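Single-structure report; data block below.
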Amino acid sequence: MLFSSIPFLVYFFPIVFLGYYLLSFSRMMQNVWLLFASLLFYAWGEPVYVFLMIGSILFNSIIAIIIEKVEDNKVKKGLLIFSIVGNIAVLFVFKYLGFVLGIVNSAFKGLVPEFKIALPIGISFFTFQALSYVVDVYRGVTKAENPFYVGLYVAFFPQLIAGPIVQYNTIAEQIRDRKSSIDKISLGLSRFAVGVGKKIILANSFGQIADNVFNWSRIGTDKLPVPATLAWLGSIAYSLQLYYDFSAYSDMAIGLGLCFGFKFKENFNYPYIAGSVSEFWKRWHISLTDWFREYVYIPLGGNRVANRDTMVRNLAIVWLLTGIWHGANWTFIIWGMFFFVLQLLERLLDFDNRVHNVFIKHAYTLLIVNFQWVIFRADDIYQAGRFYLNMFGLNNNGILSSTAVMMLREYYPTLILGILFSTPVIPMMNKWFHSHEDSAVHKIYSIAYPVLMSVMIIISVSYLVIGSYNPFIYFNF
């Protein structure tokens with residue numbers, strides 16, 4: 001589908017960018033243009049569901065305006081509950097109703113007719129943004145705005161499809177009055193180029209390895225089990241694919257936002273260097289973690305409760321919802337609850353303070369997270385279970401694999417780069433170069449950097465032209 005590929009964004013952005021700066025005489029006209037472009041962007045891929053998004057914008061805008069105007073706290077709370085129920089109901093119908101009906105039919109055959117409906121792209125992201133806006137108005141954190149501003153906030157095309165999830169109070173002033181500059185545009189375009197390169201050159205390569213291995217696991221579960229080395233290669237490749245796929249979109253969103261004068265919060269902070277599962281989730285999908293903490297965990301009482309059982313309950317609810325948010329499948333629910341158990345054990349055992357060896361902490365975290373991505377990627381629990389058995393040679397599957405050796409020979413440069421760039425080597429290099437501004441090396445770097453970004457775009461476009469493999473994992477959420 002054209003919409004879900006990088007080329008559409010690459011072609012779409014220059015047109016929007018040109019129109020935006022032709023309207024630089026009026027901030028209002030620029031905002032109108034961005035809202036129109038954003039709705040068009042979504043309508044191109046979802047011509048019917050764009051009305052669902054518009055309905056969400058109007059519904060939440062009107063509720064927020066009424067909440068701010070009424071003085072009775074009971075009425076305010078009732079309106080907030082109405083908004084929460086309304087948003088969750090829409091999300092449930094489109095994302096989870098088929099799953100729930102499938103469970104009912106499994107227990108009571110033929111009780112209800114099967115229900116299948118196409119999932120609107122990015123519905124989880126824009127629903128969470130709209131919902132957080134209403135909650136913030138209820139709390140008094142932000143003022144109710146006209147539906148036009150809310151529409152731009154919800155529908156803004158750079159981060160519409162796969163985040164980062166933005167809270168309205170962090171960009172309210174930017175919508176009204178933001179400043180653009182050559183430096184912001186230059187930095188934004190560079191960040192966008194990095195995102196494109198990460199997605200096309202790295203994530204897609206890892207995705208081809210992972211898809212081959214997991215598809216073989218599904219097809220040959222009983223007759224042709226995957227050898228252990230190949231299973232490990234597939235799981236590691238998927239771990240890298242997921243990171244580069246999702247962080248690439250965040251890079252592109254943050255970069256394009258900068259080009260229009262918007263500054264979004266970072267969504268990833270090198271999660272694979274974490275020394276615990278708890279730290280991993282402070283570095284991975286930061287905007288989602290912040291959202292659940294701000295709008296679920298803290299309102300429930302967080303960990304500042306007298307009873308430890310209540311803290312455990314709060315943590316369990318957050319991770320159950322995190323798993324459900326990612327998809328309508330038992331694999332996601334189990335995945336979320338595994339992370340709950342792991343974080344709970346780390347807290348109860350005081351893991352960060354008891355374990356001092358950095359290597360052990362990093363190795364433990366990488367191993368655990370890699371295991372977790374297996375069930376996240378698997379089609380169902382059965383495939384995940386068989387894949388785990390394959391990884392440890394417990395499925396009569398053998399250890400060595402000629403296919404794994406062949407894939408390593410073909411993809412080893414990409415794998416090395418993927419592992420290297422998942423660490424903060426680039427920020428460290430940038431810091432070093434900037435600390436030697438008067439040196440010849442810094443001058444060469446200043447000239448080489450834009451050239452490297454241009455070359456990365458050219459290589460990425462070449463990859464797109466010669467290949468058809470270009471999935472975007474988080475479009476499904």
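Some values worked out for this structure:
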item: Kirkwood-based Rg to Rh ratio, the range 1-110, C-alpha trace; result: 1.13
item: Residue order for Leu18, Leu367, Leu258 - accessible surface, 1.4 angstrom probe, largest first; result: Leu18, Leu367, Leu258
item: Descending semi-axes in Å of the range 115-250, equivalent ellipsoid built from Cα gyration tensor; result: 39, 21, 11
item: Per-residue ³J(HN,Hα) for the range 286-297, Karplus 6.51 cos²θ - 1.76 cosθ + 1.60, θ = phi - 60°, Hz, x for Gly and Pro; result: 4, 5, 6, 4, 4, 5, 5, 5, 6, 10, 10, 5
item: Mean separation of Cα contacts under 8 Å, 6 or more apart, over the residue count of the chain: relative contact order %; result: 19
item: By accessible area with a 1.4 Å probe, ligands and nucleic acids excluded, highest first: order of Lys431, Lys109, Lys361; result: Lys109, Lys431, Lys361
item: Normalised alpha carbon radius of gyration of the range 238-364 [divisor 2.2 N^0.38 Å]; result: 1.16
item: Average accessible surface area per residue within the chain, 1.4 Å rolling probe, Å²; result: 48
item: Surface share of carbon and sulfur [accessible, 1.4 angstrom probe, percent] for the chain; result: 68
item: Principal semi-axes in Å for the chain [√(5λ), Cα gyration tensor, largest first]; result: 35, 31, 24
item: Exposed-loop-free span, longest in the chain, where GluC sites (Glu not before Pro) count as exposed if DSSP calls them loop and at most 11 other C-beta atoms lie within 10 Å; result: 115-436
item: Square roots of 5 times each gyration tensor eigenvalue, C-alpha, the range 248-310, largest first, Å; result: 29, 16, 6
item: Among the listed pairs Lys77/Lys143; Lys95/Lys282; Lys143/Lys184, those beyond 18 Å (Cα-Cα); result: Lys95/Lys282; Lys143/Lys184
item: Paramagnetic label zone (point 7 Å from Cα along Cα-to-C-beta, Val70; backbone N under 20 Å) in the range 141-171; result: 141-147
item: Spin-label model distance (nm) - Leu345 vs Phe108, 7 Å beyond Cα toward Cβ; result: 3.9
item: Residue-level accessible surface for Arg308, protein heavy atoms, 1.4 Å, Å²; result: 150
item: Inverse mean reciprocal Cα-Cα distance (Kirkwood Rh) of the range 54-197, Å; result: 17.5
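The values are calculated or read from the model by the stated rules, or taken from the named source; none is laboratory data. Given the structure is predicted, the values throughout are model-derived calculations rather than measurements. Backbone-built Cβ (ideal geometry, glycine too); neighbour counts: all protein chains shown. Accessible surface is based on the protein model in full, side chains and every heavy atom, while ligands, DNA and RNA are left aside. Shrake-Rupley method; radii C 1.70, N 1.55, O 1.52, S 1.80 Å.
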